[in-house]
Amino acid sequence: MIYCFGVGGAGKSAVRRESNVSQLRRLSWILRPLLLAGVAAMALSACASNRAPAGGSDYTALAGGKGQVSLAELTERYRRNPRDRAVVIQYASALRAVGQPEQAIAALEQAMLAYPDDKAIPIAYAKALTAAGRFDQSLTVIGNVLRPDAPDWNALLVQGATLDQMGRHEEARRIYAQAAIIAPGEASIETNLGLSYAMTNDLGRAEQHLRRAVQMRGASAQTRQNLALVVGLQGRFSEARALYAAELPTQQVESNMAYIRALLTQQNRWDLIEKS
């Protein structure tokens, strides 16, 4: 690692520690949207800015076998019938994916009034609260949903994702382990566990969990893209490119690879690569 500061050995150690902290914070920020997406899509920009990559587009499947729909179409459906439970949940998910969690919160608050006994709506509401950085409120909402005698694994997944974003990673991992007991073999649980380790720069363990996730039910191209990201952050670019190429067009593959390289370059981020 090369320093551009005129400092002695102790000073260099301090600079290294500060750099590592900065790197971990940045990596944590990038991974935050993926935790809420479950099996999350990676929509990477070729420009390494201070903004996290777009979150997962987990609004693509509507009830009744509908295929992928656009945010514009969901917006129109919501305007026509804001009391349609399925549409509200998917509309809120779409809003989160494009970085509009407060709008999602507003839509879900109306839905909660219309469906006071529904379980899926408050889970979606907690996701939106977490996406907006309202972590304590999200945990309160999830706490009201969870039954100690029969906890819902989807609710546990959101609770874990929220704790991860608060930096409470060990607590989050215990929650994911509990969810895995209730719903063994669910890719979204294993994915979040992998992302949790990635947030603390334990990329080897993150990769282990993501490799398990891609073999589980519910795994998708999105799950494999999360694996590609973690592989790329370890400097194994050829392998990461091959994983992306199996899911994405060439232009998007190259954009993703450029983004990963930029992440590693910024602030001497090559330190993130664990040398074997």
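The values are calculated or read from the model by the stated rules, or taken from the named source; none is laboratory data. As the structure is a prediction and not an experimental result, all values here were calculated from the model. Cβ: placed from backbone, ideal geometry, glycine included. Neighbour counts: every protein chain shown.
Taken over region 112-134, residues that are surrounded by fewer than 17 Cβ atoms within 10 Å (Cβ to Cβ) and among the aromatic types (Phe, Trp, Tyr) amount to 1.
Restricting to region 131-153, what's the tally of residues that are of a type outside the set (A, V, I, L, M, F, W, C) and in a loop (DSSP other than H, G, I, E, B)? Within region 131-153, residues that are of a type outside the set (A, V, I, L, M, F, W, C) and in a loop (DSSP other than H, G, I, E, B) number 7. When region 181-195 is filtered for residues that are touching a residue at least 12 places away in the same chain (Cβ under 8 Å) and either assigned to a helix (DSSP H, G or I) or not acidic (Asp, Glu) (or both), the ones remaining, listed by number, are ILE182, ALA183, GLY185, ALA187, SER188, ILE189, GLU190, THR191, ASN192, LEU193, GLY194, LEU195.
Filtered by the rule that a residue be in a helix (DSSP H, G or I), small (Gly, Ala, Ser) and modelled with pLDDT under 95, region 93-113 gives SER93, ALA94, ALA97.
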